[in-house]
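Please treat every number below as a calculation from the coordinates, not as lab data. Predicted, not measured: the structure shown is a model, and the values here were computed from it. Glycine gets a Cβ as well: all are built from the backbone with ideal geometry, and neighbour counts include every protein chain shown.
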Amino acid sequence: MTTRVRRAAAYAAVSTLSLGALAVGPATAIAFGLVAVAALSITDGPVFELFARPADRQVGRLDGLAGFAFAATGLALLSSLLGLPTRAFVASLLVVGFGNLAQQAAREYGADELQRTGAFVLGGLLAAAVGQALVLEIDGPGIAGALPKVVFLAASGALAAALLRSVLFARDDPLVLLSVAFLLWLFADLAVAVTVENVAIAVAVTALFGYVSWALDAASIPGMLTGMLLAVLTVVLGGYAWFAVLIAFFGIGSLSTKFRYEDKQARGVAEDNEGARGSGNVLGNAAVALLAVLAYAAHGKLPVDGSLFLFAFTGSMAAAMSDTLSSEIGGVFDEPRLITTFERVEPGTDGGVTWQGELAGLAGASVVAALAVALFGDIGLVGGAVIVLAGVGGMTMDSVLGATVEGDRLGNQGVNFLATLTGAIVGAALAALVVA
């Protein structure tokens, strides 16, 4: 057993202290606090050698373990005093502890990066599911009837933790713990009907979706994880129709990125990494859609008609599709003009548009609208027209922001976010005015 695996096993053992909440409640915070204090006082010996990361050896103390334990202490206090569900507290600790153990074990057997990531997700998912089952059996109504939501929370937590670890440093596990716990707290409080079939299909389909996007170089591993998390949440909290709209954007958008890629490279307007989308690109285009899905799932607690969140979702997706096709197809044509002044600019200039790109963008918005009309029975033709207008509005906002503020003041992902937010707002606002 390598040092990495032994260290991961030790951290996993510490994470199981979270199960003490079932027996001693608030005293669990004291246990983790003692671990944190001890970690800062241990400077050598077998315990130091067991837990020490390379950075810990440089400073001569177990900062990594201390940070992990202090984060767990804070979560234990939240669980005891402020209503963080015990199952979310336990699941977040076990996801990180046992997910990392599975990942390091896979590394020892020569697994590549994708396989190690898969091992983290699977190990974290299983540990979180078992932990929640123990909580429900010992301190709750039992696992019967709750299994679908247990698996949903475990899968969401494992994907979120894997994503955060892929874009952060290993020493940032405290941030991962806190983020996953708050995410699971939110999901646990959503009053959504989750079925075994729904969750099983969501996990299976998104796993396939993630692998295919990575295998076809349509997404990096962080981008793949981001897309998988979005897909799971969309299927479970929205439904298959919502997922179909999401997958259409990712599929058509990825194909458009590959369209005449060599020509775009020569012009300097091609996406980096052979067009593989990273987490920032995925979130920039789909974060607003995710917020709309979450709001739709919680609309019973909000003073807003749930159908407006459907238009916000489809409007943001239409904007993302419209902007992507406009950029990827319009980028191969000459003589773009700046949208604010209509003067000719060089290809690739932020805010530069071509008539071919604008038509492609209109077509992209129309595709999303057609899907929405076909899949959602209550949208209708008027609703479809609203979605097209929302998509074109978001695409136009992207170009205007590109011509005015993109660069030093706002990055490309921020522009994408604001463009999709515009599509969502236009879609919901127009729907409130004209859709019965």
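Structural descriptor for the chain: relative contact order 12 percent, calculated from alpha carbon pairs under 8 angstrom and at least 6 residues apart.
What order do you get for V150, V434, V96, V180 when you list them from fewest to most C-beta neighbours inside 10 Å?
Fewest to most other Cβ atoms nearby, the residues stand as V434, V150, V180, V96.
Structure remark: mean-square fluctuation, Gaussian network model of the chain, C-alpha springs under 10 Å; the largest value among G394, G64, G110 belongs to G110. Our note on the geometry: Cα centres of the stretch 378-417 and the stretch 93-147, 39 Å apart. Model label sites at L34 and T195, defined 7 Å from Cα along the beta-carbon direction, differ in position by 4.9 nm.
Taking every alpha-carbon pair in the chain and binning the separations at 10 Å intervals from zero gives 5, 20, 27, 23, 16, 8, 2, 0 percent.
Loop-only check: which GluC sites (Glu not before Pro) in the stretch 317-422 are DSSP coil with at most 11 other Cβ within 10 angstrom? Intermediate results must be reported in sequence, preceding the final value.
Numbers: sites: E328, E343, E358, E406; in loops: E343.
The qualifying sites are E343.
Modelled spin-label separation between A370 and A23, with each label point placed 7 Å from Cα along the Cα-to-Cβ direction: 6.3 nm.
Largest GNM mean-square fluctuation across V345, V232, V415, computed for the chain with C-alpha springs under 10 Å, falls on V345.
In terms of other Cβ atoms within 10 Å, S156, S254 run from fewest to most in the order S254, S156. Here the ratio of the Cα radius of gyration of the stretch 11-97 to 2.2 N^0.38 Å is 1.09.
When a footprinting reagent is the concern and you count Cβ atoms within 10 Å, what order do Y296, Y109, Y211 take, fewest first? Please list the in-between numbers first.
On the way: Y296 23, Y109 9, Y211 14.
Least crowded to most crowded, the residues run Y109, Y211, Y296.
The angle between the Cα long axis of helix 306-330 and the main principal axis of the chain comes to about 70°, on a 0 to 90 degree scale.
In terms of its Cα atoms, the stretch 1-189 spans 48, 38, 26 Å along the principal axes, sorted from long to short. Between the amide H of V353 and those of R337, L338, I339, distances stay under 5 Å, these residues lying 5 or more places away or on another chain, with hydrogens modeled in the peptide plane. Identify, among T16, L114, G124, the residue whose Cα sits farthest towards the positive end of the charge dipole of the stretch 1-189, taking +1 on the Cβ of Lys and Arg and -1 on the Cβ of Asp and Glu, with the dipole about the Cα centre. Projecting each Cα onto the dipole axis, the largest value belongs to L114.
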